1. Could you work out the helix-only [θ] at 222 nm for the chain, with each DSSP H run of four or more residues adding -39,500 (n - 2.57) and the total divided by the number of residues, to the nearest 500 deg cm²/dmol?
2. Among Glu16, Glu74, Glu168, whose mean-square fluctuation peaks in a Gaussian network model of the chain (Cα, cutoff 10 Å)?
3. Using alpha carbons only, what's the Rg to Rh ratio of the chain with Rh from Kirkwood?
4. Treating the angle as unsigned and between 0 and 90°, give the value, to the nearest 10°, between the Cα long axis of helix 6-22 and the longest Cα principal axis of the chain.
5. Give me the compactness ratio for region 134-256, meaning the Cα radius of gyration over 2.2 N^0.38 Å.
6. Relative to the Cα centre, what is the charge dipole magnitude of the chain, using +1 at the beta carbon of each Lys and Arg, -1 at the beta carbon of each Asp and Glu, and rounding to the nearest 20 debye?
7. Report the longest stretch of the chain that contains none of the chymotrypsin sites (Phe, Trp or Tyr not before Pro) sitting in a DSSP loop with at most 14 other Cβ atoms within 10 Å.
8. Which angle between 0 and 90 degrees, to the nearest 10, do you get for helix 139-163 versus the longest principal axis of the chain when only C-alpha atoms count?
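What follows draws every value from the coordinates through simple rules; no lab data is involved. Note that the structure is a prediction, hence the values are computed from the model and not measured. Positions of Cβ are generated from backbone atoms using ideal geometry, with glycine treated the same way; all protein chains shown enter the neighbour counts.
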Amino acid sequence: MSGLNLHAIKSIYLFELNRFRRTLLTGLMVPVITTSLYFVVFGGAIGSRMTQIDGIPYAAFIVPGMIMLAMFTESIFNASFGIYMPKFTGTIYELLSAPVSAVETVIAYVGAAATKSLIVGFIIFATAHLFVDVQVAHPLAMVAFMMLIAISFCLFGFILGVWAQSFEQLQVIPLLVIMPMTFLGGAFYSIHMLAEPWRTITLFNPIVYLISGFRWTFFGRGDVGIEFSLLFIAGMLTICLGIIGWMFRTGYRLKK
């Protein structure tokens, strides 16, 4: 850590968090309102007909899925927007010419985005307790899993922000890919409820492994083994770090 420019990391990190602070009310109210609506629609309407899944009350069962859905989108949006704006305004050249390494840049931007994502995740977790009693079987594992998810998807969002050349492109992946995959990845149901061949097809959805692993931290069981979830996260982290390293080495869409 002594070789890192901690002052630069802190400056970028606090700058990004300050942008979040300026929209703090909206940033906090949206997950609270969204979570409440999910409980009204899914917990109330569907939960009244499907009271339990694998012995877990349905209202409690959907909590991990709601947290993951929010954290996926928040992580990608925050990280992608954070690095895209310097490109859009032209200040990216000041960053690239400053005595700040690629590692320090990624730590600052991804760290700030992950912090905001974790705040939203814990707000949803707290809001859920207003509607249902949620017991967490492995609280430390839950926090660790949330941190890994936030960092992984913020790295992915960072890649998206570098790749994107318009605000429309920033929204394509989160809205048209990640969100549908999350809804189809067992966020609000167990994949064991599906008939074949859909159950097998669903296993090719990588989001299944993330939601299942996070649900394991709550209830001690998931749709797939926790080892597969951890393996997928490790693979995602490795791939994202490799791509970001390549982007900085080649200047891909960082230097025009």
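1. Mean residue ellipticity, 222 nm, calculated: -22500 deg cm²/dmol.
2. Glu168
3. Computed over Cα atoms, the ratio is 0.99.
4. Tilt relative to the chain: about 60 degrees.
5. Cα Rg divided by the expected 2.2 N^0.38 Å: 1.19.
6. With Lys and Arg at +1 and Asp and Glu at -1, about 580 debye.
7. Maximal segment without exposed cleavage sites: 1-203.
8. The angle comes out at about 50 degrees.
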